[in-house]
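The values are calculated or read from the model by the stated rules, or taken from the named source; none is laboratory data. Just so it is clear, the model here is predicted, and its values are computed rather than measured. Virtual Cβ from ideal backbone geometry, glycine too; neighbours counted across all protein chains shown. Heads up: the accessible areas ignore ligands, DNA and RNA and are worked out on the full protein's heavy atoms, side chains in. Shrake-Rupley method; radii C 1.70, N 1.55, O 1.52, S 1.80 Å.
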Amino acid sequence: MNDRSRTAAAAAAAGAAAAAAASAAVGGAAAGAAGGARYVQWRPGAAPGRQVRCLWVRENAGGPAYRQLVVPDGCVDLVWSGGALEVVGPDRAPRSVPVSGGAGLAGVRFRPGAAGLLLGAVPARELCDLQVPLGEVLGPEAAERLGERLGRARDTRAAASLLDAFAASLARRWTPDAAVERAVAELGRADAARVPVIAEELGLSERQLRRRITDAVGYGPKTLQGVLRFRRAVDEARSGGLGLAEAAVRAGYADQAHFTREVRRWSGVSPTVLLGRPGRAERPG
């Protein structure tokens, strides 16, 4: 794929797509968003949960434009926004992107390692930190057919249901890499084995495992492990109501200071800012 065409998509729609695709990672609308902004996600109904994490919609019908903090999660999203279909590749660093007033988006999020269901023979590493038109991945005709169906959807929720059905149709023709699935699952554990041990258990060399994970996820096993641990710790702290020190230990960090360094690495802000807890006067973005 041509780098120039990858970045030539409409900037406003692209920014909104990226923001919505990662909004779950930072708990919905960023600071400064109006009360009319809404983000909702739910489990797929037709597509297999083994490969698809969720369907989601983001609406900013009554609010002004705002900026959304986007953090890495190892996932790839297919996003319908402003009449355009885009594939949002895996991020390797945090970024702050604009969400326009009146935005209405729908998307399907593929789990780490399952991007091949959508990308086919295109390695996920080629889409790191990029947003590309779906036509560049599946071909213009397939993208146009799906776009026509989405254009007739009555609202964003209906559009997300169409994306669910589309992902299910792709899954029927795709065979996952069992070794990558097992490796991703292991790397997501708080007590994950070291990469050489995982490779040996799978009957692969460390180099082979690294290449397969990089192609399937977008980055190597060490980076993926760091992203998954960061996500796990944030989820623990947010949903479990845990203190930062306890959430850090449960997620596999050595201590709270280690957790804080990693949160800044992946989000660019402190844990208290990311989680919306009282603390220093910092703002994301």
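Between Leu204 and Trp174, what is the spin-label point distance in nm, taking each point 7 Å from the Cα along the Cα→C-beta axis?
1.7
Just add up the charged neighbours of Leu162: K/R +1, D/E -1, any other residue whose Cβ is under 12 Å from the Cβ of Leu162. Intermediate values should be presented prior to the final figure.
Working: positive: Arg145, Arg149, Arg152, Arg154, Arg157; negative: Glu148, Asp155, Asp164.
Surrounding charge for Leu162 is +2.
Roughly how big is segment 153-205's charge dipole about its Cα centre, with Cβ charges of +1 (Lys, Arg) and -1 (Asp, Glu), in debye to the nearest 20?
Numbers: 7 positive and 8 negative charges, 65 e Å.
Roughly 320 debye for segment 153-205.
So if we plug the beta-carbon distance of Glu126 and Ala61 into 1/(1 + (r/R0)^6) with R0 = 25 Å, what FRET efficiency do we get, rounded to 0.05? Mind dumping the intermediate values first?
On the way: r = 35 Å, r/R0 = 1.39.
Taking R0 as 25 Å, the efficiency between Glu126 and Ala61 is 0.10.
Work the Kirkwood hydrodynamic radius out for segment 115-179: mean of 1/r over every pair of different alpha-carbon atoms, inverted, in Å. Numbers along the way, then the final one.
Working: mean 1/r = 0.0763 Å⁻¹.
So the Kirkwood estimate lands at 13.1 Å.
Can you tell me the accessible area per residue over segment 105-184, all protein chains present, probe 1.4 angstrom, in square angstrom?
Per-residue accessible area for segment 105-184 comes out at 45 Å².
If amide H atoms are built 1.01 Å from N in the plane of the peptide, which residues on other chains or at least 5 residues away come under 5 Å of the amide H of Arg111?
Placed amide hydrogens put Val52, Arg53 under 5 Å from Arg111.
If one computes the Cα centroid of segment 29-100 and of segment 142-183, what distance in Å separates the two points?
16
Dipole of segment 89-238 (Lys/Arg Cβ +1, Asp/Glu Cβ -1, origin at the Cα centre): which of Leu163, Leu209, Gly102 lies farthest to the positive side?
Gly102
Give me P(r) over segment 135-285, computed from all C-alpha to C-alpha distances, binned every 10 Å, as integer percentages.
10, 27, 24, 28, 12, 0
Please report, as a whole percent, how much of the solvent-accessible surface of segment 91-144 comes from carbon and sulfur atoms (probe radius 1.4 Å). Please list the in-between numbers first.
Working: 980 of 1930 Å².
Ligands and nucleic acids excluded, carbon and sulfur reach 51 percent.
What does the net charge come to around Thr175 if you take all other residues with beta carbon closer than 13 Å to its beta carbon, with K and R at +1 and D and E at -1? Working shown, then result.
Working: positive: Arg50, Arg172, Arg173; negative: Asp177, Glu181.
Computed value for this residue: +1.
In debye, nearest 20, what is the charge dipole magnitude of segment 156-285 about its Cα centre with +1 on Lys and Arg Cβ and -1 on Asp and Glu Cβ, if you could check? Present the calculation step by step, with values, prior to reporting the outcome.
Numbers: 22 positive and 15 negative charges, 82 e Å.
The dipole of segment 156-285 has a size of about 400 debye.
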